[in-house]
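Colleague: Below you'll find the structure I mean.
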Amino acid sequence: MSDTRRDLVGAGFSLALIALAAFVMQRFFLPLVWAAILCVATWPLYLRMRAALGQRPIIAAALLTLASACIFIIPVLLGVAQAAREVPVLADFLMRANADGLPVPAWVASIPLAGNAIDDWWQVTLNQPHGLAHVLSGSAVGGFHSARDIVKILGADLLHRLIDFGLAFLCLFFFYKDGEALTRQITQVGSHYLQPERWLRYAQKVPTAIRATVNGLVLVGLAEGVLIGIAYAIAGLPSPALWAFATGVLAIIPFGAPLAYVCAAAVLVLQGSVPGAIGVAVWGTMVLFVADHFVRPGMIGNATRLPFLAVLFGILGGVETLGLVGLFIGPVVMVLFVTLWHEAYVSGDSVMPSS
């Protein structure tokens with residue numbers, strides 16, 4: 001067998017093994033990716049903790065994994081507990097609104113251009129007994145045959161998320177413990193197929209991009225939730241802490257926070273607190289404008305040296321194509337692409353004849 005044919009057979013064998021491994025592990029890709037993102041983002045903290053514990057990697061990995069899990073679990077449990085307390089109130093409101101009809105708020109008719117049309121539609125639908133059920137009948141809510149179906153679907157989805165959650169933190173522990181060995185192996189493989197200098201240039205960009213994205217998205221999003229939550233409390237919104245938590249989570253996604261504070265403003269309007277609703281909407285818009293146009297792009301772009309449009313397209317494109325995990329993968333892809341662009345630009349500039 002010739003060397004060329006042997007190389008082709010070897011490449012085909014390697015690709016077949018990679019494809020088979022990807023097929024077997026496809027169910028676990030998402031927990032692996034989340035664990036890798038969290039490990040890279042918190043790796044400096046792990047190194048400091050390991051040094052403080054006298055270079056005991058297993059203990060440091062276990063403690064930091066447990067701490068990371070608690071940071072995620074405790075707010076979720078508090079949110080679920082608060083939501084569980086609010087469910088009877090919401091259910092009672094929906095039952096009364098469906099049985100007796102939901103009166104048209106006085107401010108609807110004053111809406112420019114569309115006020116009269118909205119008022120007429122509300123009168124013949126939501127203001128009628130069982131009008132709410134009629135409106136929801138064509139949606140996903142009305143498509144279920146019974147509450148048992150809803151419980152089954154929600155229970156299966158919750159179990160699926162819990163399994164992914166547990167697998168992600170199990171992977172995180174081993175990423176901490178064996179991270180340095182895994183990094184050496186990846187570097188060796190990458191340097192084998194690329195020039196070592198080029199591989200190092202790309203490999204150094206990935207951790208920086210991930211940490212900058214985590215800081216720019218997660219930390220800024222949670223800060224938005226806190227700031228807008230203050231407005232919720234001042235305006236007298238019921239359960240302001242729960243609304244602030246939901247706003248902080250949605251604010252991690254660009255343009256997600258308006259969905260939360262607009263709904264909160266709508267609840268205030270239905271309660272008759274129009275000034276409070278206006279205050280929440282105005283304050284939320286101001287916080288969002290400053291965070292999304294100055295703080296977030298600055299934190300991500302300055303650390304990764306990406307232009308604003310590359311940051312924006314990386315985040316939005318990542319969410320569009322990959323879901324929530326795309327928030328972090330998208331900017332990394334854009335960093336690598338811009339690195340390739342600069343590499344090609346410098347290479348092309350070096351071969352251009354001087355005038």
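The values are calculated or read from the model by the stated rules, or taken from the named source; none is laboratory data. Quick caveat: nothing in here was measured; it's all calculated off a predicted structure. When we count neighbours, we look across all protein chains shown, and the Cβ atoms used for this are built from the backbone with ideal geometry, even at glycine. These area figures cover heavy atoms from the full protein model, side chains too; ligands, DNA and RNA do not enter into them. Shrake-Rupley method; radii C 1.70, N 1.55, O 1.52, S 1.80 Å.
Colleague: Given the structure, is P75 in a helix (DSSP H, G or I), of a type outside the set (K, R), more than 16 Å from A266 (Cα to Cα) and modelled with pLDDT of 70 or more?
Modeller: Yes; evaluated as a whole, the condition is true for this residue.
Colleague: Here's another thing I want to ask about it. Hey, can you tell me all the residues within region 20-43 that are without any contact (Cβ under 8 Å) to a residue 12 or more places away in the chain and open to solvent by less than 60 Å² (accessible area, probe 1.4 Å)?
Modeller: A21, A22, listed by residue number.
Colleague: Residue check, I58 against (1) touching a residue at least 40 places away in the same chain (Cβ under 8 Å); (2) among the hydrophobic types (A, V, I, L, M, F, W, C); (3) surrounded by 14 or more Cβ atoms within 10 Å (Cβ to Cβ), all met but one. Which one?
Modeller: (3)
Colleague: Looking only at region 191-238, which residues are buried (at least 18 other Cβ atoms within 10 Å of the Cβ) and outside any helix (DSSP H, G or I)?
Modeller: L237
Colleague: For L182, indicate whether it is surrounded by fewer than 19 Cβ atoms within 10 Å (Cβ to Cβ) and aliphatic (A, V, I, L, M).
Modeller: It is true that L182 is surrounded by fewer than 19 Cβ atoms within 10 Å (Cβ to Cβ) and aliphatic (A, V, I, L, M).
Colleague: If you don't mind, another one. Got a number for residues in region 44-55 being crowded, with 16+ Cβ neighbours inside 10 Å and among the hydrophobic types (A, V, I, L, M, F, W, C)?
Modeller: 1
Colleague: Search region 289-309 for residues being open to solvent by 30 Å² or more (accessible area, probe 1.4 Å) and β-branched (V, I, T), and hand back the single one that is modelled with the lowest pLDDT.
Modeller: V295
Residues checked against (1) under 20 Å from I210 (Cα atoms); (2) open to solvent by 80 Å² or more (accessible area, probe 1.4 Å); (3) at pLDDT below 80:
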site	(1), (2), (3)
V311	yes, no, yes
G314	yes, no, no
L327	yes, no, no
S347	no, no, yes
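Colleague: With the requirement that a residue be among the aliphatic types (A, V, I, L, M), modelled with pLDDT under 85 and open to solvent by 40 Å² or more (accessible area, probe 1.4 Å), what does region 268-288 give you?
Modeller: L270, V274
Colleague: If you go through region 329-338 one residue at a time, do you hit one that is modelled with pLDDT under 80 and either assigned to a helix (DSSP H, G or I) or more than 19 Å from the chain's Cα centre (by Cα) (or both)?
Modeller: So far as region 329-338 goes, no, none of its residues is modelled with pLDDT under 80 and either assigned to a helix (DSSP H, G or I) or more than 19 Å from the chain's Cα centre (by Cα) (or both).
Colleague: So, in region 87-108, of the ones that are part of a helix (DSSP H, G or I) and either hydroxyl-bearing (S, T, Y) or open to solvent by less than 60 Å² (accessible area, probe 1.4 Å) (or both), which residue ends up modelled with the highest pLDDT?
Modeller: A99
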